[in-house]
Amino acid sequence: MILLTRYIPARRRRDKQPLSGDLIHKVTARLFPKCSDYGINSYEEIAQELAKFGILNRGAFTRLMKRHRRELIRIDRDRLAPGEIKYFCEIFGEAFVKDAIRRQYWFALPAMIRMAMELQFGEDVAVYEDVA
């Protein structure tokens with residue numbers, strides 16, 4: 001007896017992959033400019049945050065990021081106010097800030113993901129850093 005299995009297209013199989021930190025980085029790095037892929041980042045925490053909102057696989061994550069891609073790039077390229085430039089030069093160094101302004105990028109990939117979540121799900125998603 002021959003058991004026939006139903007054919008599942010490769011794209012559908014790929015979209016069903018469960019999210020992991022490496023997969024989140026891989027998808028995001030393909031969708032956004034390379035200059036936004038900087039710093040030492042852990043995407044495992046982001047995977048847990050996405051799971052809280054029902055984004056559990058590659059397909060759902062890719063749709064989220066593509067839905068807000070243009071808006072995220074526009075936000076990333078917005079001009080900084082002179083006071084912000086001065087403040088960020090003190091924190092990150094003048095060379096980094098000048099390069100970011102010249103190449104029109106500011107946010108790293110994890111920030112882009114969190115902004116997409118905020119655009120999709122509202123302020124409930126926002127993660128604020130406690131300043132002591």
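Every number in this text was worked out from the coordinates using simple rules, so none of it is lab data. These numbers come from a predicted model, not from an experiment. As a convention, Cβ positions derive from the backbone with ideal geometry for all residues, glycine included, and neighbour counts pool all protein chains shown.
Taking the C-alpha atoms only, the angle from helix 94-103 to the longest principal axis of the chain is near 60 degrees. Based on alpha carbons, the Rg and Dmax found for the chain are 18.1, 75 Å. The packing ranking, built from the mean of other Cβ atoms within 10 Å per residue, places the peptides 60-67, 112-119 in the order 112-119, 60-67, highest first. Taking amide H atoms as placed 1.01 Å from N in the peptide plane, the amide H of residue 57 lies under 5 Å from those of 19, each 5 or more residues away in sequence or on another chain.
Below 16 Å, Cα to Cα, which lysines can residue 52 reach? Residues fewer than 8 away in the same chain don't count. Straight-line reach from residue 52, under 16 Å: no lysines qualify.
Peptides 19-26, 95-102, ordered by how many other C-beta atoms sit within 10 Å of their residues on average, highest first, read 19-26, 95-102.
Once C-alpha pairs closer than 8 Å and six or more residues apart are averaged by separation and normalised to the residue number of the chain, the relative contact order reads 29 percent. In terms of packing, defined here as the mean over residues of other Cβ atoms within 10 angstrom, the peptides 30-37, 82-89 line up highest first as 30-37, 82-89. Relative to one another, the C-alpha centroids of segment 1-70 and segment 78-123 are positioned 24 Å apart.
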